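Presented below is the structure to which this report refers.
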Amino acid sequence: MNEKESCKSSGGMENHPEDNCFLQGDGTKPKLKVPILSSFKDVLESDRFVDKVLLVLAVFRTDNTPAVLTSLPRRFGISVNSDMLQYFLELEVDETGKKKTTNQKGIYTFNSEKLSHKAENLVEIHFGRYPIIRLSFLRTSNIKSKCDRVEVCRDAVPQAFKKRKYLYNSKESSLEEANKEICKQWCCNGCYKEITNRVDVMEGLKLLIGYLNIFFNWRIAC
C-alpha cells in the first residue's frame with residue numbers, strides 16, 4: 001500500500017490529520033448538539049451568530065428586478081435569513097392596523113458597522129417601513145402530488161389574511177365594503193377550501209397584496 005492509499009479510509013474519503021484533534025479519548029468524534037434556530041432574534045442572542053446583514057443591502061440593490069430569489073442549501077440559514085429580512089423591513093401594526101411605536105432596539109440591531117459603511121442611512125430610511133407577507137412551507141415533507149402542492153398553498157393564503165383582520169374590521173380601513181367582505185370570507189368562512197387549482201390560490205394572494213396596498217398606501221413586500 002502506497003502513501004496515498006494509506007491516507008484514505010475504508011469509505012474512500014481522505015483522512016485529514018487535523019481531524020484527529022477533534023477526537024475524544026475513545027477515538028470517536030464528539031456529537032455536537034447544536035439547536036436549530038429559525039428566528040433571527042434568537043440567533044442574535046446566541047453565540048453562533050454569523051452576520052449576514054449585507055443581504056438586506058443586496059435586496060435594495062435590485063430595484064429593477066420584480067423579484068429577488070435567495071437560494072441556499074438545506075440547513076444553511078434560509079429561515080433565519082428570511083426572518084432577518086422581515087425583522088428589518090416589516091411595518092409593525094396593532095390589531096387595528098395602526099403603526100406601533102418605533103422599535104429602537106431593532107434599529108440598533110441593524111445599525112451595524114457593515115451596513116453603515118456600505119450604505120449610509122439605509123437603516124433610517126427603510127427600517128420598519130413596509131407591510132410584509134411571509135408564507136412558510138417548512139412543514140411540507142408529505143407533498144407527493146400536484147394536488148398536495150395546491151392544498152399547502154391554499155391553506156397558507158387564508159393564514160396570511162387572518163393575521164390582517166384589520167383590513168375589514170378597522171374603522172381606519174379605506175377598503176370598499178365589497179372588498180372587506182372578501183377579506184372576511186378568507187378569514188372566517190372557509191370558502192377557500194373549495195379552491196382546487198393554483199390560479200385561484202394566486203388570485204387570493206394578489207387580492208391580499210392589493211388590499212394591503214390600499215390600506216397602507218404603500219408598496220408591499222412579499
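General remarks:
- Global form of the range 146-216, assessed from the alpha-carbon gyration tensor, a/c cut-off 1.5: prolate
- Dipole magnitude of the range 146-216 about its Cα centre (Cβ charges: Lys, Arg +1; Asp, Glu -1), debye to nearest 20: 240 debye
- Over 22 Å apart at the Cα level, from the set Lys146/Lys180; Lys100/Lys171; Lys100/Lys184, are Lys146/Lys180; Lys100/Lys184.
Throughout, read-outs are computed from the coordinates displayed, never taken from laboratory work. Here the structure is a predicted model, which is why all the values come from computation and not from measurement. A quick note on method: Cβ atoms are made from the backbone with ideal geometry, for glycine too, and the neighbour counts reach across all protein chains shown.
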